[in-house]
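The values are calculated or read from the model by the stated rules, or taken from the named source; none is laboratory data. Remember, it's a predicted structure, so these values are computed and weren't measured experimentally. All Cβ positions, even for glycine, are placed from backbone atoms using ideal geometry, and neighbour counts span all protein chains on display.
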Amino acid sequence: MAADERADGSAEWVEVATVKDLQRRRTMVVARPDGDIVVGWHGDRPFALANVCVHRERELARGMIFQGRLVCPGHQWAFDLETGYCAERDRFQPVYATRVDDDIVFVDASRPVGATGGSGVGGDAGGVAGDHLTRLDVGRSAGSGDRR
């Protein structure tokens, strides 16, 4: 999948799915040349993290959500859905900003939110006026593809 990169560093909002579809699938993977993003729904809002675990490079989309954290299927590191923080290991998984417009979930695929977390999940992603919107198909759902 190819997306337009903005030279000015502004957000690159990628359409992921409808809220209903993301809720049904629970997680989806947005394929990106610079690293896939797992986008999911938990509670009443979307979340998005880099799909490859910072620990042993396992695919987080194959993990499970437990107590507001995405648990890696490799060694059970558990990353907070809002901040990407794994308290047990004092490490951060990159988090991406999400938003919902007209029942469509978007992820800012241009760059992760700062390593200290911030408001990367749901709500206002900040600076969205004039940001670049790109409609792209999602690469695959978390349940598809070959197993590692």
In the stretch 59-116, which residues are among the aromatic types (Phe, Trp, Tyr) and either modelled with pLDDT of 95 or more or part of a strand (DSSP E or B) (or both)? 66, 79, 85, 92, 96, 106
Which one of 76, 67 is surrounded by fewer than 24 Cβ atoms within 10 Å (Cβ to Cβ), touching a strand residue (DSSP E or B) at 6+ places or on another chain (Cβ under 9 Å) and free of Cβ contacts under 8 Å to residues at least 12 places away in the same chain? 67
Would you pick out the residues in the stretch 9-26 that are assigned to a strand (DSSP E or B), buried (at least 16 other Cβ atoms within 10 Å of the Cβ) and modelled with pLDDT of 95 or more? 13, 14, 15, 16, 17
Mind listing whichever residues of the stretch 83-116 are out of contact with any Leu (no Cβ under 6 Å at 6 or more places or on another chain) and polar (S, T, N, Q)? 83, 98, 110, 116
